[in-house]
1. Sort out which residues of region 90-103 are touching a residue at least 12 places away in the same chain (Cβ under 8 Å) and more than 17 Å from residue 122 (Cβ to Cβ), and write them in order of number.
2. Residues in region 131-156 that are more than 18 Å from residue 72 (Cβ to Cβ), part of a helix (DSSP H, G or I) and in contact (Cβ under 8 Å) with a residue 40 or more places away in the chain: how many?
3. Name the single residue that is nearest to residue 6 (Cα to Cα) among those in region 72-94 being in a strand (DSSP E or B) and in contact with a helix residue (DSSP H, G or I) (Cβ under 7 Å, 6 or more places away or on another chain).
4. Test of understanding: among 78, 74, 128, 107, which residue is buried (at least 17 other Cβ atoms within 10 Å of the Cβ) and free of Cβ contacts under 8 Å to residues at least 60 places away in the same chain?
5. Please work out if residue 116 is touching a helix residue (DSSP H, G or I) at 6+ places or on another chain (Cβ under 9 Å), outside any strand (DSSP E or B), modelled with pLDDT of 95 or more and buried (at least 18 other Cβ atoms within 10 Å of the Cβ).
6. Taking only pairs six or more apart or across chains, which ones have beta-carbon atoms under 7 Å, a first residue in region 1-29 that is closer than 15 Å to residue 106 by Cβ, and a second residue that is modelled with pLDDT under 95 and not in a helix (DSSP H, G or I)?
7. Looking for whichever is in a helix (DSSP H, G or I) and either within 13 Å of the chain's Cα centre (by Cα) or farther than 30 Å from residue 135 by Cα (or both) here; the options are 29, 14. Which one fits?
8. Could you please let me know if residue 68 is in contact (Cβ under 8 Å) with a residue 12 or more places away in the chain, in contact with a helix residue (DSSP H, G or I) (Cβ under 8 Å, 6 or more places away or on another chain) and surrounded by 12 or more Cβ atoms within 10 Å (Cβ to Cβ)?
């Protein structure tokens, strides 16, 4: 078997498509009307219950049991864009124990979206603050090889 991606049930393709394109910057790869595939995912499906063969009232929106996860090299800019769009936030920007800043919010159907600061950005921020490579390994919970790759990419 080969994993092909995540599919989310949506109430309105027009509303959801607009959200994913304008707020998250996703580009449509395939558009089948009631089924829409974005480059790199996710896939949205209108009328999912009928397609899957169960009554619509069994569809659970805002289930709080999964999320789509995105990382950003421009976390502050992307977080500001999400907030400016008036999206309902699950929580404000917070810093995780490993130093990554995250923002969680809802799509129009109540699916949770997490926007995380790219871990390479976190590593470079720690190094810029004067932390040693070893300290960054411990704080970021990433291996030394990753820390050194981040440093090398910045020099390139």
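The values are calculated or read from the model by the stated rules, or taken from the named source; none is laboratory data. Here the structure is a predicted model, which means the values were calculated and not measured. Glycine gets a Cβ as well: all are built from the backbone with ideal geometry, and neighbour counts include every protein chain shown.
1. 90, 91
2. Residues that pass the stated criteria total 1.
3. In the first step, residues of region 72-94 are kept if they are in a strand (DSSP E or B); the result is 72, 89-94.
Applying the additional criterion that residues be in contact with a helix residue (DSSP H, G or I) (Cβ under 7 Å, 6 or more places away or on another chain) yields 72, 93.
On the way: 72: 20, 93: 25 Å.
Going through the qualifying residues, I end up with 72.
4. Working: 74 fails: buried (at least 17 other Cβ atoms within 10 Å of the Cβ); 128 fails: buried (at least 17 other Cβ atoms within 10 Å of the Cβ); 107 fails: free of Cβ contacts under 8 Å to residues at least 60 places away in the same chain.
Just one listed residue meets the conditions, 78.
5. Details: touching a helix residue (DSSP H, G or I) at 6+ places or on another chain (Cβ under 9 Å): yes; outside any strand (DSSP E or B): no; modelled with pLDDT of 95 or more: yes; buried (at least 18 other Cβ atoms within 10 Å of the Cβ): yes.
Spelling it out, it is not the case that residue 116 is touching a helix residue (DSSP H, G or I) at 6+ places or on another chain (Cβ under 9 Å), outside any strand (DSSP E or B), modelled with pLDDT of 95 or more and buried (at least 18 other Cβ atoms within 10 Å of the Cβ).
6. So the pair list comes out as 9/59.
7. On the way: 29 fails: in a helix (DSSP H, G or I).
Every option except 14 fails the conditions.
8. On the way: in contact (Cβ under 8 Å) with a residue 12 or more places away in the chain: yes; in contact with a helix residue (DSSP H, G or I) (Cβ under 8 Å, 6 or more places away or on another chain): no; surrounded by 12 or more Cβ atoms within 10 Å (Cβ to Cβ): yes.
The answer is no for residue 68.
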